[in-house]
Each structure stands twice: as structure tokens, then as C-alpha cells.
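Following: one structure in C-alpha cells, then a few remarks.
Rule-based calculations on the coordinates, nothing more; no lab input. Note that the structure is a prediction, hence the values are computed from the model and not measured. FYI the Cβ positions are ideal-geometry reconstructions off the backbone, even for glycines, and counts take in every protein chain you see.
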Amino acid sequence: MTSVIELGPHQLALEEPMYFRVKLEGDRVAGLDVQPGQVHRGMEHLVMRRNLYQNITLLERLCSLCSNSHPSTFCSAIEEVAGVAIPERAEYLRAVADEIKRIASHLFCCAVQANLIGQTALFRRAMEVREIMQRSKEAIYGNRMDLAANCIGGVRYDLTPDAAMYLARQMEAMKAPLDELYLQFQNNPAIMARTAGVGVLPRLEAIECAVVGPVARACGIDYDVRKKSPYGAYDRLEFSTSLQQAGDVRARNLVRLAEARQSVSLIEQCLAGLVPGPLCADLLPEIPAGEAVAKSEAPRGELVYYLRTDGTDFPLRLKWRVPSYMNWDALKVMLHGEPVANIPLIVNSIDPCIACTDR
Amino acid sequence: MQDQVKETPAEPVRLFRINTGSCNGCDVELAVTAAVDEFDVEQLGCRYTEEPHEADILLITGPLTVRARNEALRLYAEAPETKVTVAVGVCPVSGGVFRDSYAVDGPVQRYLPVDLNVPGCPPRPQALLAGIAQARDLWRARSKGVDAVFAAPPLAKPADEPAQQFPIRGRMSFDPKACVDCRMCRHVCAAGAIHFDIKGDKGDRHLRSQSPGSPEGVRLTLWHNSCVFCGLCSHYCPTGALSVTGDWHLAHRGGQTFRFSEQGEVPYTPCSGCGSPLIAVAPELLHAAFRRPTPEIEHIKTLCPACRQQLSIGAVRR
């Protein structure tokens, strides 16, 4: 018996409006039609009507969960065009901002999934742990979501010795809770029952869909931009790519939690390596005509920016490819043959960023 | 108001969220007010509902995209008549950074009345709670048939020590004495929150009748309902005329929407050479440029560009 149902943000437990038309065979998913566009704000049009400075702030609001990755990658592209090398201290400070956002983003994703499988206590626990990050962001950057850390040529915040010590204490406070959450997602039988073997994306299909980020690394694909083409401070930082092989919901969460733990170590390394020096190469560098591609590892995976300038303050073209674009295409594979009840969990397991993708 | 609350402890006030195409910042922070004890809306006697027809308070986020409009308006219509509508973040009020896009159909008050604005980008949970508390009081008054003369409840100052040590990015403040009218702030403002106009100029009819032809000064208006609190204006301001304050107590009634701004006027002074109006050079700029200005510089600063050229090269270059 074939039927078609429509699911919206309230059924899918998403923070953002996304609509699915799902074809069912009995109570199993047979086909999927994603209906995007609710969060389409005409960003590619808007960025061309704003100058390069305005775009730093505009792009930070492309999506609040990966809000630092957008302006930092955009600024890298401008710096590439302008031939500006950012100071070493700024490289470390950009990495700190990126990693702080990564931890908070991954924890939010895991928390939402815990809620979906009825683990309310674990959901609240993960959100409480995330609050340590939220408080840190607000204390250091002045806002809990949008850090306003970047400017063309470097960063516009500094870590005073006091702030660095505060951040180091907060990182210390993250370690035990992150380890505890990892063990929960790894071994708790109730969680395993709902997440292991669910929403499987086989490695070959993962390659075919060109998925990126934790979704790819949960299928054993060893791809992390920070390792494959290191940018900023990442060539001086010690870390390994977190990998899992199973390609299911559980594997994706284990990758995320392992990465969050690794981000704590990355931030500690940045604090240790923070050399004194200027924060910004040049307050108002000249941006000549040119084009550049910049990429980075956002919390959801590889983020690619293309920028073309014509010597004026306005970009001639600015285009970006966000990780969720490929990842949500792979939902068709993950959801195939799954019961309806698993749809919200599997959708959330790719951590879809609709604001980024609809833009 | 407080006494009435104690008399009727009964039903929680129900909150319903409508995302009209936001960047998810406000939504994630609203999720915090459902998930984290410290910020839980339960402490205000509220709870979230998934049913629009149960909604006492509507929390609207996002700039109202074209695609999201019909669904948002449908949900709004489904909520009971007595509902209180709250715009969360600056997007529903002005479009924020997304204004002027073909894909954005806001601001939401084009389609529905907004009772309360809670500015922020996104507002911190403390600000969300303060706004929700006001909305709750408004709803209680409204469901008793009184519409609302109410004072904003006194709010606790942020208690957490590090946040005071490193202040949060709140409302912008403008110091006209330091402004040199370079307008870099307007140039870098993604949200178009900063507006300059010349007081006494053609556009300002009221003032023109008082002083025809002679502009009195340059006026900066910064609209807090469009500002996204990024602080980029302050970062690029060469004299520190714009600065970020830690003030996040910004919730206000819908009727105040367009009055909620920061304004300051930089007066023209006559050039000491020819008398034509000029904006005086602020001491902050002189300090930035020369550290310790010489008497000669102090003299030159009172001259208009033409008189300065006359003085230094003996003629006006065109």
C-alpha cells in the first residue's frame, strides 16, 4: 500500500522550517521529496548589494549555528584577493572562535537527537553542558551566537591574559562532561537500541552523494579540510580526524562528540601557542580586482567560498557551497526502508542547516 | 499585577513559536528557554505548546520570507483573539541585515499587529525571559479586558561575574562630541541601521522654516530595531564616537518601534577664515592623527578645506 505524507518542522522537531513529502510503502519510507525555500532570504542577491565590510556581518547571519565559519572563510577569500597575510596571533584567534562554535553546534545536534529518542534527561544534560560554551562565548565575544570575531585582515577581538585564563578554565570544565556524553552515546543500551543500525549510509553511497563533515567521517571517509588542506593555524595544531565506520545515526554522533572533545584540545593548543602581535594586518587594505576560492571545515563539513571582485567595495560575485546541501541529498539513502517513526531522528542526525542551504 | 498572579496560579501561559525564515539564532536561544533550568520559561509560569490554537503568546522570529509568509499568517490566524504577539530579535521588526531583498516580505507588522519587540541578534536568554514576562503580563491584562498600562518590570542585572568582566554587546551609544562626520559607520553597517541627515537642510522642512539655507548640524540616527549589535561601526569608527554598551534591557511595546533609536547632533561651526559651516575636528581624531597637536595644527583645525589650502599652498586647488 503506497501513501504520501507531508511532514513539517513541528513533526520533524526542527528549529527551522523544512517540509518533506514522504512516499510510504506500508509504514516504511520509499521515497522522499525535500521542499526547501522557506528560509530563502535572497542572500546571493543581498551580498552583491552590500559592500565587503557589510558582508562580514551579513554572512555571519547566514546561519547562527555555524556563524563564525562564514565570515572567517569570506575574509580568507578577500585576503587571498588582496594578497594580505593575516598575523599569526589572528590565525590562532580565528581557530579559537571556530572551535568554540564547533563544540556548541555539535552539542546542540546531539541534544536534539537525545530528545527525539525520549532521553529527556540526557537532552537536558547536553544542553547544560552546552551552556558552558554559551557562557564562554558571551563572556569573550559579547554574544552567545554571533561572535563578531572577524574583520578583513585578521580578527577584531583579543584574548587578554584574564580572558585566556577564563577560557582555559571553561575548557577544563568541558572535558569530563564531554567524555561522559561520549560514553552515553557509545554504550547506553537504550540509546544504542534507537541509534545503532538506524539511518545507515553505506560508504559507497556516501562517496556518490559527496557528503562531507561528520556525516562523511561516520562512513569512514577520511576527509577534514583542516587536515587535507590546512588553513590558518591548523598546520601547527595536533589533532587526528575522528572516524567511524558504521555510517549510522550512532556513528555520526560519536564522530561529533569525539570532535567536540578534540576541539577542546585544539583551543588549549591555541591558547598555549598564542604569540603576541597585532590582531589585524591592515585596518583598511585595498581590495583589487580578482577572484579567490577559500574553504574551511565548518561544524557540518566543508564550506567553500568563491569571491570575485572588481576593485570596488562591492563584490562582483559571491557564491558559496554549504555542507548541508550534499548531506541532505543523502537523506534519501538513509531514510529508505526506515519506519516513519525514525524520520525525525535520521533527519536531525545529519544536523541539517536549513538557513545555510536555503539562504 | 503581582497580587493577581498569586490569586490565580492555575493554568500556565502557553507560548507558540513561528519561524518566518530566521537564521536560527533566535530559535536556538528560544530552545534554551525550554531546555536549560536556569532560563526555563516555567519560572515565569509559561510553557511551550505545539498547537497554534492553544497559543496565548506568539513568538515570531525571522524577517518573514516570501515562502514562509502564508504558513506564518495561517498559524497567526489560528491562535485565539486574545493572543499577544512578540517579535523576537530585530528581523521581524525591520528585516535586520536581510532587509531590501526580493525574498523578504517583512517587516511582519505589514501583515499583523506586533505587541512587543525584543531586540537582539539574537537576544540573550535573560532578555528573552524579560520580554516573555512582559508579554505574559500583557496577555493577563488583555484576557481580563484591560489593555495594558504596564510598566516594564524591574529586571535583575546579569549576575555572572565573567560577563561583567567582559561586557556583552548590547545597545549602541553615540557621542556626537567625538564624531567627525566621516560616515564610516554607515558604510560598514550591514543592517542599514545608521542614517545621517543634515539638520536645517532641504529635507527637514520644519527646521528649514526656522533657518532657511543655513544648515545647523549633522544628525546621526541609529535605529535599535534594525541594529544587529555586531559592533562593526564601533570597530571602524576612528574616534570612538560609537561605542557598544552592555545594555540588553531593550524590550519595548510595538507602538514605540520607530521611536526606539539613538540620536545625536554634530553642530556646524563657522570656519575661522571665511565663515562657511564646517564640522569641527574632534580632539579624538587629532589625537589619533598627531598624538600631540601643535598650535599650528590647532589653528588649522578651525579652517575649512578651502581656507586650509589657501594657508598652506597660497591658493585654492580645484
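Tabulated data
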quantity	calculated
Proxy reagent accessibility, fewest Cβ within 10 Å first, across A:PHE314, A:PHE108, B:PHE98	A:PHE314, A:PHE108, B:PHE98
³J(HN,Hα), Karplus 6.51/-1.76/1.60, whole Hz, each residue of the range A:77-92, x for Gly, Pro	5, 4, 5, 4, 4, 7, x, 9, 9, 7, x, 4, 4, 5, 4, 5
Shielding by partners, peptide A:12-25 (average Cβ within 10 angstrom, other chains)	3
10 Å Cβ neighbours from other chains, averaged over peptide A:132-144	6
Compactness relative to 2.2 N^0.38 Å, alpha carbon Rg of the range B:49-106	1.16
Point-to-point label distance, A:ARG236-B:ILE279, nm (Cα→Cβ direction, 7 Å offset)	4.0
Ranked packing of A:189-195, A:217-223, most packed first, by mean Cβ within 10 Å	A:217-223, A:189-195
Within the protein assembly as shown: Cβ-based charge dipole about Cα centre, in debye rounded to nearest 20 (Lys, Arg +1; Asp, Glu -1)	1280
Value of D in µm² per second that Stokes-Einstein yields for chain A, Kirkwood Rh from Cα pairs, at 10 °C (1.306 mPa s)	76
Per-selection Rg to Rh, the range B:2-156 - Cα, Kirkwood hydrodynamic radius	0.95
Size of electric dipole in the range A:41-350: Cβ of Lys, Arg +1 and of Asp, Glu -1, about Cα centre, debye, nearest 20	780
Chain A: Cys lacking any partner C-beta under 4.7 angstrom	A:CYS66, A:CYS75, A:CYS109, A:CYS110, A:CYS151, A:CYS209, A:CYS219, A:CYS270, A:CYS280
Computed label-point distance, nm, for sites B:CYS182 and A:ARG169 using a 7 Å Cα→Cβ extension	3.8
Projected area, mean over directions - the range B:271-318, Cα convex hull, nm²	3.6
Debye intensity ratio in log₁₀ form over the Cα atoms of the protein assembly as shown, taken at each q of 0.07, 0.10 Å⁻¹	-0.49, -0.97
Cβ-defined net charge surrounding B:PHE229, 13 Å radius [Lys, Arg +1; Asp, Glu -1]	0
B:SER243, B:SER226 arranged by Cβ crowding within 10 Å, fewest neighbours leading	B:SER243, B:SER226
Kirkwood-Stokes translational diffusion coefficient of chain B, alpha-carbon pairs, 25 °C, 0.890 mPa s, µm²/s	110
Mean ellipticity per residue at 222 nm, deg cm²/dmol - from DSSP H runs of n ≥ 4 across the protein assembly as shown, formula -39500 (n - 2.57)	-12000 deg cm²/dmol
Percentage relative contact order, the range A:1-155, counting C-alpha pairs under 8 Å, at least six apart	20
Fraction of beta bridges assigned by DSSP in chain B that are antiparallel (%, nearest 5)	60
Among B:LEU128, B:SER173, B:CYS304 - extreme Cα towards positive end, dipole of chain B, charges at beta-carbon	B:CYS304
Potential lengthening between B:ARG47 and B:GLU11 on full extension [0.36 nm per residue; Cα-Cα distance subtracted]	12.0 nm
Residue order, fewest to most surrounding Cβ atoms within 10 angstrom, among A:LEU14, A:LEU46, B:LEU112	B:LEU112, A:LEU14, A:LEU46
Relative contact order of chain A, pairs being alpha-carbon contacts under 8 Å that are 6 or more residues apart, as %	26
Label-to-label distance, nm, for residues given as A:ASP282 and B:TYR111 (7 Å Cα→Cβ offset)	4.7
Listed residues A:THR120, A:HIS70, A:ALA90: farthest to the positive end of the dipole of the range A:69-128 (Cβ charges)	A:THR120
Long-range HN-HN contacts of B:VAL84 with modeled amide H, under 5 Å	B:ILE57, B:LEU58
Net charge dipole size for chain B [Lys, Arg +1 and Asp, Glu -1 on Cβ; Debye, nearest 20]	1520
Amide H partners (placed H, <5 Å) of A:GLY154, local residues excluded	A:ALA281
Shielding by partners - mean other protein chain Cβ count within 10 Å, residues of B:218-230	2
Calculated from backbone phi, Karplus (6.51, -1.76, 1.60) coupling profile of the range B:64-69 in Hz, x at Gly/Pro	6, 6, 4, 5, 8, 4
